[in-house]
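As structure tokens, the structure follows; a few thoughts come after it.
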Amino acid sequence: MEVAIEAKPATESLTSELAARVAELEKRLAALEERTEDRVTIVVFSGDLDRVLAAFIIATGAVAMGQQASMFFTFWGLNVVKKETSFDGKTVFQKMMAMMSPRSSQALPVSKMNYFGVGAKMLRAMMKERNVTSLEDLIGLAREMGIRMIACEMSRDVMGIKESELMPGLECGGVATFLGDALTSRASLFI
Amino acid sequence: MSTAFDKVFDARGMNCPMPLVNARKEIGKLDLGQVLKVMATDRGSVADFQGWVKVAKNVELVAQETETTDGRNVYVHYVKRTA
């Protein structure tokens, strides 16, 4: 009899302690879930046709799989989202840079065997032959799919690429824009 | 082998990532519980569709099979919309 009287409060306190711990865990789980999004974030640093193709295939593939995607274009990657090149209002260095850079995605070189652009032309022809989607179509697809595309403000400014030279509808941002997405993403890549 | 389906999507001749990208678009046009039959010539699509259903929460792979027509393999995927 005495044992039963003692045991009852012990079970009660154990139950309430467990309930408190479960509630705490649920709260932490909810916080964790809130911190991760079904998203893939890609830094496009390269301006090489082959690398950029990989970036766009991953991004569009991710969206097709039900994820969201962010692409952050910086340095040579800015050439990918350029719609034209203008020389107006640029410094001498910026003009030189503009002259030596591809004028748009159409003119990107390949990372290997470029041979002054012949390699890139050859790769494009070979892709067409195998019915692989072109880079320009992939870019269009990415925009249609609502992929978040951000142009790095700092490198754009350094290289003197004006906003009017970029495709319309790009966001501009900095490191925190990228990290804001990357830190809550399931995967991040630097290409 | 015959698996029931509601709509056919012909992805023959398409290459990565287009079979997946377009199949996802097509599946969005189906009602819940309906099955899309995707025909592809891209060999990679077999593993791609498996990866897709592993990650996405709204699709289920009912069956996969390979048909051979004129000596060419056609990879057939049956995808069900679940959400």
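Summing charges over all other residues whose Cβ lies under 13 Å from the Cβ of A:GLU136, with Lys and Arg as +1 and Asp and Glu as -1, gives +3.
Using the average count of surrounding beta-carbon atoms within 10 Å as a protection proxy, the listed peptides A:167-176, A:20-29 rank, highest first, as A:167-176, A:20-29. Any chance you could check the Cα centroid distance between the stretch B:14-29 and the stretch A:117-151 for me, in angstrom? Between the Cα centre of the stretch B:14-29 and that of the stretch A:117-151, the gap is 16 Å. Shown for the stretch A:38-190: lysine pairs separated by 8 or more places, or found on different chains, whose C-alpha atoms are under 15 Å apart, numbering 5. Partners of A:LYS27 within straight-line reach, counting lysines whose Cα lies under 26 Å from its Cα and excluding those fewer than 8 residues away in the same chain: B:LYS57.
Contact order for chain B, expressed relative to its length and based on alpha carbon pairs under 8 Å spaced 6+ residues apart, stands at 34 percent.
For chain A, the relative contact order is 32 percent, taking Cα pairs closer than 8 Å that sit 6 or more residues apart in sequence and dividing their mean separation by the residue count.
Looking at the stretch B:7-81 alone, DSSP beta bridges between its own residues are antiparallel in about 75 percent of cases. Cβ-to-Cβ counts within 10 Å put B:VAL59, A:VAL80 in ascending order as B:VAL59, A:VAL80, the fewest first. The Stokes-Einstein estimate for the stretch A:1-98, based on a Kirkwood radius over Cα pairs and taken at 20 °C with 1.002 mPa s viscosity, is a diffusion coefficient of 113 µm²/s.
By the combined test of axial Cα extent (at least 18 Å) and Kyte-Doolittle hydropathy (mean at least 0.0), the qualifying DSSP H helices of chain A come to A:49-64.
Quick one: angle between helix B:45-55 and the longest Cα principal axis of chain B, in degrees between 0 and 90, rounded to 10, please. It is inclined by approximately 20 degrees. Only DSSP H runs of four or more residues enter the estimate; each adds -39500 (n - 2.57), and after division by the residues of chain A the mean residue ellipticity at 222 nm equals -16000 deg cm²/dmol. In a DSSP loop and with at most 13 other Cβ atoms within 10 Å, the chymotrypsin sites (Phe, Trp or Tyr not before Pro) in the stretch A:1-106 are A:PHE87.
Annotation: amide H of A:ALA187 within the under-5 Å range of A:ARG39, A:THR41, sequence separation 5 or more or interchain, hydrogens built in the peptide plane.
Dividing the radius of gyration of the alpha carbons in chain A by their Kirkwood radius gives 1.31 for Rg/Rh. Computed about the Cα centre, the dipole magnitude for chain A is approximately 1180 debye when only Lys and Arg (+1) and Asp and Glu (-1) carry charge, each at its Cβ.
Specify the angular offset, from 0 to 90 degrees and rounded to the nearest 10, of the alpha carbon long axis of helix B:18-27 from the longest principal axis of the alpha carbons in chain B. For B:18-27 against chain B, the angle is about 40 degrees.
The numbers here are math on the coordinates, done by the rules we state, and not lab data. No experiment lies behind these values; they were computed from the predicted model shown. Cβ atoms come from the backbone with ideal geometry, glycine included; neighbour counts cover every protein chain shown.
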